Amino acid sequence: MSNSILELEMLRKNFGGVVAVSDLSLHIEKGCVTSLIGPNGAGKTTIFNLVTGFVEPSSGQIKFAGRRLTKMKPHTIASIGIGRTFQNVQIFPKMSVMENIMVGRHLRSRAGIFYSSVLPPFLRKEEKKIQEAAEKQLHFLGLAQHAHLPAGSLPLGNQRMLEIARALALEPRLLLLDEPASGLNARETIAMGELIEKIKQMNITVLLVEHDMELVMDISDYVAVINFGRLIAEGPPAEIQENRDVITAYLGE
Amino acid sequence: MNHTDGAFVDVLQFLIMGIQRGSIYAMVAMGFNMIYNATGIINFAQGEFVVLGGLMMVTLTMAYNLSIVFAFILTVLFLIIAGILMERLTINPVKQPTVLRLIIITIAVSIIIKGAAMVFWGKGSHYMRHFSGTESLDFYGARILPQTLWIFAILFFVVVAYILFFNYTMTGKCMRACAINRDAARLAGINDRKMVMLSFALSAGIGAIAGIIITPIIQMDYARGAMLGLKGFGAAVLGGLGNSMGAVVAGVLLGILEAMGAGYISSHYMDAIALVILLFVLFIRPSGIFGSSEAMRLKEF
Amino acid sequence: MKGKNSAGFLALIIGIIATPFLVTNDYYLGVLIFAAFNSLACIGLCLLMGYAGQISIGHGAFVAIGAYTSGILTAKLAWSPWLAMLCGILLVIVIAFCLGIPALRLKGHYLAMATLGFASIVHIVVVAAVDLTGGPSGIVNIPRLDLFGYVLNSDRQYFYFSWGVVALGIYIAFNLINSRMGRGLQAIHGSEDAAASLGINITSYKVQVFMLSAVFASVSGSLYAYYVNYIDPGPFDVGHSVLLVTMVAVGGLHNIWGALIGAIFLSLLPEFLSFLSEYLEAFGIEYQPDFDTLIYGSILLIIMLFLPEGIFKGITGSMGSVVSSVKKSLGRTAGREQ
């Protein structure tokens with residue numbers, strides 16, 4: 001597949017004696033929404049952590065847009081264009097909604113400690129740019145009316161939106177969403193689906209871990225099924241729904 | 001006596017001094033470990049327990065003329081009560097503990113103990129009579145005080161008691177269970193809060209013993225807590241935080257290195273030697289010489 | 001700076017200008033000058049503890065390094081005080097960098113102990129390196145500071161100068177907090193994982209703030225040396241590092257104003273207590289300066305148990321809740337009227 005943006009090759013991760021990800025190979029196609037599904041503990045979040053550098057692979061490699069990610073630190077991986085959200089929402093609760101997103105502009109601005117602390121007037125232009133970009137994201141996600149509230153005070157649905165807005169502020173080429181719909185009600189889930197569609201239209205590749213099958217089948221272009229750290233099936237949603245192995249994995253024997 | 005004999009005697013003398021100092025560090029480190037295992041907290045007042053034990057003993061033996069054995073028991077009991085009070089009054093009530101807050105709380109307790117010690121015992125250092133005379137014995141040419149032998153014996157006794165307690169008594173086993181996995185221990189019906197209190201009690205008690213046995217030699221004063229605590233922590237880290245047998249070996253090792261350094265390098269920088277070792281261990285191998293780095297990563301600080 | 005903070009800053013400036021007119025006693029003015037030194041060190045420490053979430057029980061060592069660099073270079077080598085102060089700054093930047101890189105990988109308790117160990121080592125060296133530091137007898141004949149060729153001789157002049165530096169320190173601190181870097185630091189405090197996922201290099205940020213806070217401490221040490229003109233190891237023991245942490249924690253970890261208030265409060269406390277002792281004597285209680293340590297510890301413990309956000313938040317928080325409850329009840333009556 002020449003059109004793939006992320007390639008996992010024989011990826012393996014052991015935690016002590018436990019194999020979380022087992023010799024997994026997977027190619028993620030550029031511009032698509034790809035979903036990773038599988039039972040709890042199948043290794044999906046570990047794959048996210050491997051891709052974003054939070055966990056080092058035991059063996060195998062990961063390539064993003066042709067570059068090997070092995071041994072890169074999470075912040076370096078962010079800088080080459082991979083954004084992510086977390087399963088247990090990780091917003092900065094004491095900062096305002098606006099500030100949360102402004103943190104997302106970190107890599108698109110440059111001020112260092114000296115100018116920041118001693119000569120802020122020189123940074124006014126950059127600050128203004130950061131603010132404008134953050135406001136754009138706020139409007140895009142419909143969070144503008146909450147801009148100055150502390151992020152921790154938002155309801156969970158909005159916190160998940162905020163986390164995505166913050167990752168989008170990074171202007172990533174690949175966005176990893178870890179269970180964005182978990183804990184959301186039906187209306188919020190629909191809104192989340194629409195948002196993911198919009199993100200796809202912005203030409204950002206989305207890799208999704210999600211348990212809500214309706215949402216997954218609705219918005220995914222491609223689905224990969226993981227169980228016990230292994231890839232047991234992959235293909236378009238319609239095909240996966242028919243797959244016997246998948247049904248077994250979910251329903252048991 | 002020829003030259004090589006002189007060198008040998010020096011080494012032996014430093015070794016004895018080192019083990020003597022190290023015994024104290026080992027016991028301070030064991031105190032750190034007990035509280036750490038039960039709570040994940042490093043008690044910054046650990047050195048103050050030692051000071052308080054020493055000063056209490058001075059008063060009981062010198063001012064009230066109690067017998068050593070009786071004063072020993074009273075002092076340990078007093079410190080055990082102090083440990084329980086510390087846990088009940090300052091650790092237990094904290095409902096949303098953050099590491100930073102807990103550190104500062106134990107620092108506050110250490111300042112209070114230090115301040116109280118200064119008020120009650122003054123700024124001077126206090127002499128206390130040795131357990132059994134000051135006539136030093138000859139050991140292959142090196143001199144050894146009876147008090148030093150007492151220190152070795154009591155360290156040995158403490159270590160044996162420690163092993164027996166944690167391996168063969170129900171309470172000790174419960175404390176170990178809490179150390180390994182607090183939630184699981186709680187599910188198994190262990191009262192984890194009680195174990196935390198007990199760990200403070202035992203830790204203060206062991207600190208008291210360390211203070212009691214070293215005071216005749218170093219002449220205790222109110223300000224020694226920080227340094228004793230730091231070096232004891234050095235021993236605890238060197239031995240692998242939470243591993244008390246490792247701490248004993250590391251404590252003795254640290255004491256020997258310190259005594260050798262003081263003898264052969266510079267006595268002015270003696271106190272710095274243990275601290276430099278502490279920093280090196282923290283920076284290069286925070287899991288200690290006996291700990292595995294894999295296990296270290298699982299610990300939360 | 002914006003909003004409440006610039007109002008606070010204005011109040012501070014007015015306070016600084018007015019104080020020497022209100023406090024005419026040289027002794028008390030001197031106490032306030034010492035409060036300025038502590039405030040400066042505490043502002044830096046607050047950036048590290050409150051905003052980057054890293055504890056250091058070793059900042060007294062940076063104060064000592066600043067003071068001794070200034071003392072040695074001016075008194076022994078007759079350098080200009082300004083140049084000596086700059087050397088102190090550069091020296092602590094280098095030391096904080098070398099110490100920070102390994103130390104800041106450590107968390108919580110380990111970092112606290114590592115910095116405490118560092119402070120002890122510096123104190124031991126200061127006492128033992130007699131040739132360099134004068135050992136226990138210290139360094140004498142440190143010159144006063146001059147400003148554009150004008151020597152700051154009177155306490156009033158030094159008061160304005162040192163508090164001016166504190167104001168500058170606060171200005172710098174607020175600039176930093178409200179900058180890209182400040183947001184990055186608060187993000188690290190909120191969630192290290194999320195901060196890293198947004199491209200923030202956590203270690204680098206922590207080390208940079210550590211260095212900046214060390215500079216604050218170093219300048220405070222230099223100013224101290226130029227004020228008292230004599231330094232010995234006494235004030236630079238581990239207790240001083242602990243005192244700085246106490247000041248920040250008592251005032252409020254997460255707020256620069258809190259650190260400032262904590263520093264001023266605890267710097268003035270001994271004076272207040274000795275003032276109080278005259279009244280206590282009437283009740284048969286004889287107060288001695290020896291009680292200070294005990295009282296510091298008790299205040300710290302009480303604050304940490306009952307007001308973990310510090311005095312500043314405690315006061316503004318309760319004021320805020322009064323205001324909001326008043327507003328609420330006003331709103332309710334207004335609602336009823338409609």
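Quick notes on this structure:
- Single residue of the stretch A:92-122 satisfying the filter (among the aliphatic types (A, V, I, L, M) and within 7 Å of chain C (Cβ to nearest Cβ)) that is surrounded by the most Cβ atoms within 10 Å (Cβ to Cβ): A:Val103
- Of residues in the stretch A:61-86 being more than 9 Å from every other protein chain (Cβ to nearest Cβ) and not in a strand (DSSP E or B), the one farthest from A:Asn100 (Cα to Cα): A:Gly66
- When the stretch A:196-217 is filtered for residues that are surrounded by 15 or more Cβ atoms within 10 Å (Cβ to Cβ) and either in a loop (DSSP other than H, G, I, E, B) or more than 13 Å from the chain's Cα centre (by Cα) (or both), the ones remaining, listed by number, are A:Ile204, A:Glu210, A:Asp212, A:Met213, A:Leu215, A:Val216, A:Met217.
- If you filter the stretch A:32-51 down to residues that are part of a loop (DSSP other than H, G, I, E, B) and either on the phi > 0 side of the Ramachandran plot or touching an Asp or Glu at 6+ places or on another chain (Cβ under 9 Å) (or both), you find that the one that is modelled with the lowest pLDDT is A:Gly41.
- Highlighted here are the helices (runs of 4 or more DSSP H) found entirely within the stretch C:219-338 that include at least 2 residues which are at pLDDT 85 or above and under 22 Å from B:Val119 (Cβ atoms): C:238-251, C:256-282, C:292-306.
- Selected residue [surrounded by fewer than 22 Cβ atoms within 10 Å (Cβ to Cβ) and closer than 14 Å to B:Ile209 by Cα] from B:Ala63, B:Ala7, B:Ala29, B:Ala71: B:Ala71
- Of the helices (runs of 4 or more DSSP H) lying entirely inside the stretch C:53-141, those containing at least 3 residues that are crowded, with 19+ Cβ neighbours inside 10 Å and at the interface with another protein chain (Cβ under 9 Å from one of its Cβ atoms) are C:108-128.
- For the stretch A:81-89, the condition holds for no residue, the condition being that it is farther than 26 Å from A:Leu143 by Cβ and either crowded, with 21+ Cβ neighbours inside 10 Å or in contact with a strand residue (DSSP E or B) (Cβ under 8 Å, 6 or more places away or on another chain) (or both).
- Top-ranked residue of the stretch B:79-102 - restricted to ones that are exposed (fewer than 15 other Cβ atoms within 10 Å of the Cβ) and within 9 Å of chain C (Cβ to nearest Cβ), ranked as nearest to C:Leu45 (Cα to Cα): B:Thr98
- Residue check, B:Ile113 of a type outside the set (Ser, Thr, Tyr) and farther than 18 Å from B:Val58 by Cα: no
The rows are residues; the columns are (1) more than 7 Å from every other protein chain (Cβ to nearest Cβ); (2) among the aliphatic types (A, V, I, L, M).
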| site | (1), (2) |
| --- | --- |
| C:Leu185 | yes, yes |
| C:Ser191 | no, no |
| C:Val207 | yes, yes |
| C:Leu212 | no, yes |
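- Residue match in the stretch B:159-174 (condition: closer than 26 Å to B:Ile81 by Cβ, surrounded by 22 or more Cβ atoms within 10 Å (Cβ to Cβ) and either within 14 Å of another protein chain (Cβ to nearest Cβ) or at pLDDT below 90 (or both)): no
- The residues of the stretch B:103-134 that are of a type outside the set (Val, Ile, Thr), in a helix (DSSP H, G or I) and at the interface with chain C (Cβ under 8 Å from one of its Cβ atoms), listed by number, are B:Ala108, B:Ser110, B:Lys114, B:Gly115, B:Ala116, B:Met118.
- Scan the stretch B:251-270 for residues that are buried (at least 20 other Cβ atoms within 10 Å of the Cβ) and either touching an Asp or Glu at 6+ places or on another chain (Cβ under 8 Å) or of a type outside the set (A, V, I, L, M) (or both) and the total you get is 4.
The values are calculated or read from the model by the stated rules, or taken from the named source; none is laboratory data. Since this is a predicted model, take the numbers as computed values, not measurements. Counting neighbours? That spans all protein chains shown, and the Cβs are built from the backbone with ideal geometry, glycine included.
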